[in-house]
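Read through the structure below, which is laid out as structure tokens, and then see the notes.
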Amino acid sequence: MPKEYLTRPEAAQYLTQKGLPTSKNTLQKLATVGGGPDYSLWGNKALSTPRQLDAWAESKLRQPKQSTSEK
């Protein structure tokens, strides 16, 4: 049974295993400056669900292109 909540290192591993290389340090920085996935705090631990991570990743992916000249 998959985990319902993932720590930042686990979240980074989850995204990387889906083909979206991400480090825990990147997730930490984005939590500080904004633009990262949603998360909740449990004590001092930031936790994200796979659904939150998937939604964030989808929002960051750009539309498919057929040419490098497309914007």
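The values are calculated or read from the model by the stated rules, or taken from the named source; none is laboratory data. Because the structure is predicted, anything quoted here is derived from the model rather than measured. Cβ: placed from backbone, ideal geometry, glycine included. Neighbour counts: every protein chain shown.
Observations on the structure shown:
- Selection from segment 4-17 of residues that are surrounded by 14 or more Cβ atoms within 10 Å (Cβ to Cβ) and either of a type outside the set (A, V, I, L, M) or closer than 17 Å to K60 by Cα (or both): Y5, T7, R8, E10, A11, A12, Q13, Y14, L15
- The residues of segment 2-30 that are acidic (D, E) and in contact (Cβ under 8 Å) with a residue 12 or more places away in the chain amount to a single one, E4.
- Qualifying residue in segment 17-26 (condition: aliphatic (A, V, I, L, M), modelled with pLDDT of 95 or more and not in a loop (DSSP other than H, G, I, E, B)): no
- Residues in segment 18-41 that are among the hydrophobic types (A, V, I, L, M, F, W, C) and more than 12 Å from R8 (Cα to Cα) were compared, and the one that is surrounded by the most Cβ atoms within 10 Å (Cβ to Cβ) is L20.
- Residues in segment 38-71 that are touching a Pro at 6+ places or on another chain (Cβ under 8 Å), within 11 Å of L6 (Cα to Cα) and in a helix (DSSP H, G or I): P50, Q52, L53.
- Residue match in segment 63-70 (condition: small (G, A, S) and modelled with pLDDT under 95): yes
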